[in-house]
Structure formats: structure tokens, C-alpha cells
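First comes the structure, then the notes that go with it.
The values are calculated or read from the model by the stated rules, or taken from the named source; none is laboratory data. Predicted model only: the values in this text are computed from it and were never measured. Ideal geometry is used to build each Cβ from the backbone, glycine not excepted, and the neighbour counts take in all protein chains shown. Just so you know, the surface numbers come from the protein's heavy atoms only, side chains and all, with ligands and any DNA or RNA stripped out. Shrake-Rupley method; radii C 1.70, N 1.55, O 1.52, S 1.80 Å.
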Amino acid sequence: MVLGVKILGISGSIRHGNSEYLLLKALESAKKVAPDLIITEFVSTAGLIINPCIHCLACVDHRRCIIKDDFEDLFNKWLEADAVIYSIPVFHLGIPAHFKAFIDRLGQTLFAKYLDKPPKLLKVIGVITQGTDLGGGEELTAIQIISHALVMGCIPVAGDPPESYIGAIGWTRRSPLPDAIERLATERDPDANTTIKAAESLGRRVAYTTLIIKNGVGVLADLLSKDPWYSLYLSKIANQP
């Protein structure tokens, strides 16, 4: 039996626009890889309230973040997914503050939940970034997310070159419009179309890699059961309908 996978797409923008557009392209491409085996879910952080970590360390005692806002629901979705594709706009050469708050609390909560010994989640991570200026922080933002993925014990992947080397990266030619990339694509702008192609190839690569990893773990279950770091992943597979 071939195991199916769930891919979560998170738009880290405070508005509905370019980040969502590219993310939906990636998720659509991922779904096409194996429609019967892949479930995709889209979440936007627009309108969500995610407060910053205050380093109270209450999560160490409670094994969860005690701040009451929209974080926990998104954290649970993240934990459940087999793969996550982030689509992030660039703010001041980096991650927007509200999404950085989610990243900070995600790491703190995961490590607290498992007493500084989080299991090997084997979660595949893909990154899409876009900003208003060429070389205005898109690659820096992507690298921040990739570094976070490594800290979390996840597996970052890119799409296919030459469009994608570390993810899908684009710019809006200084347009502030929320649908700038879509507009540019209809005008056959080469940069916009390259970014879309990169997002689609990223989605495919995330889908293929996630299927390979999950089904590979299933084949090697007896071997991996000897290592407690993989116990959570193995139980997840065992309980999959």
C-alpha cells in the first residue's frame, strides 16, 4: 500500500495577494503529482493574531504555549502536516514581524513539548519569497526559513533549476499592488513567469520528496523502530487510515 501525504501551505503575508497567488500555484502543482495520494491545505495568516514570544518559559511546564491567540491552531496544523510550503513577503530585507512571531513560538513550543528532544519529524519544507525590489531581501528571507527548517529537524528542498535554486524567489518590479505578480504574468513579464514556474516546480519537488520519505520510512519501519527519535513518525504512519 502506498501511503498518502498532507502538504500544508502557509501564506505569511498580512494581506491577501502575491504570496497567496504563488502559494496556490505551488499547491496546485503538488496536487497534480498524485491526486489520489496528496491532500493539500491552504492557510493564510492575514487577519490572524499571533503575538510575539515573551520568553516566559511557561511552555516548558505546560508543554504548550500559554499565550491565547491564533498560534496554537496553526501550530497543530504544522505539526500534523507531512510537508509545509511557506510563501513569505519581504519586509525590510526579512520575514514580516507577525510571521517571525509564529516562527519563534513554533520553535520554542516544539522544543518545550518534547523537553528539548524533539523527534525526527522528517517534514519536507519548501520556501517561496517575493518582494518589491530585485535583490531586496528575497534570498535572505528564504535562507532564514531554510535555516529555521534545519533547526526544527526538517528537510528543506528547492524546485528545479534554473528557475529554482533555494526556493521560488521573485519581485513585483516595485509595484505595491497585491496582485502585481499576476498582472505582470498576464503581460508576459519574464521575471514573473519565471517565479511562477519556480513555485510550480517547488510544489512538485515537495510532493515527490514527501511521498518518497514517508513511504521509505514505511518500508524501513522495523529498522527505524530501533531508534526512539523516529517513534513519533512511525506511530503517525501506523495510525494512518
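Observations, loosely collected:
- Answer residue from region 71-85, given it is under 8 Å from the mean Cα position of the chain (by Cα) and not small (Gly, Ala, Ser) and is surrounded by the fewest Cβ atoms within 10 Å (Cβ to Cβ) among those: VAL84
- Evaluated against (1) in contact with a Ser or Thr (Cβ under 9 Å, 6 or more places away or on another chain); (2) buried (at least 21 other Cβ atoms within 10 Å of the Cβ); (3) touching a residue at least 40 places away in the same chain (Cβ under 8 Å), ARG105 falls short on exactly one condition, (1).
- Of all the listed residues (SER13, SER19, SER29), the sole one being open to solvent by less than 30 Å² (accessible area, probe 1.4 Å) and out of contact with any strand residue (DSSP E or B) (no Cβ under 9 Å at 6 or more places or on another chain) is SER29.
- All of (1) modelled with pLDDT under 95; (2) more than 23 Å from GLU138 (Cα to Cα); (3) open to solvent by 30 Å² or more (accessible area, probe 1.4 Å) hold for CYS65 with one exception: (3).
- Region 137-159 residues that are part of a loop (DSSP other than H, G, I, E, B), paired with ones that are among the acidic types (Asp, Glu) and buried (at least 20 other Cβ atoms within 10 Å of the Cβ) (beta carbon under 9 Å, 6 or more apart): GLY159/GLU200
This table checks each residue for (1) under 22 Å from PRO89 (Cα atoms); (2) in contact with a strand residue (DSSP E or B) (Cβ under 6 Å, 6 or more places away or on another chain); (3) open to solvent by less than 30 Å² (accessible area, probe 1.4 Å); (4) not charged (D, E, K, R).
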position: ASP179; (1), (2), (3), (4): yes, no, no, no
position: PRO190; (1), (2), (3), (4): yes, no, no, yes
position: GLU200; (1), (2), (3), (4): yes, no, no, no
position: ASP227; (1), (2), (3), (4): no, no, no, no
position: GLN240; (1), (2), (3), (4): no, no, no, yes
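- Annotation note: Cβ proximity below 6 Å between a residue of region 55-84 that is in contact (Cβ under 8 Å) with a residue 40 or more places away in the chain and a residue that is surrounded by 14 or more Cβ atoms within 10 Å (Cβ to Cβ) and among the small types (Gly, Ala, Ser) (sequence gap 6+ or interchain) occurs for CYS59/ALA112; VAL60/ALA112.
- Whenever a residue of region 168-197 is at pLDDT 95 or above, its partners that are among the aliphatic types (A, V, I, L, M) and open to solvent by 60 Å² or more (accessible area, probe 1.4 Å), lying with C-beta atoms within less than 7 angstrom and at least six residues away or across chains, give the pairs TRP171/LEU134; ARG183/LEU177.
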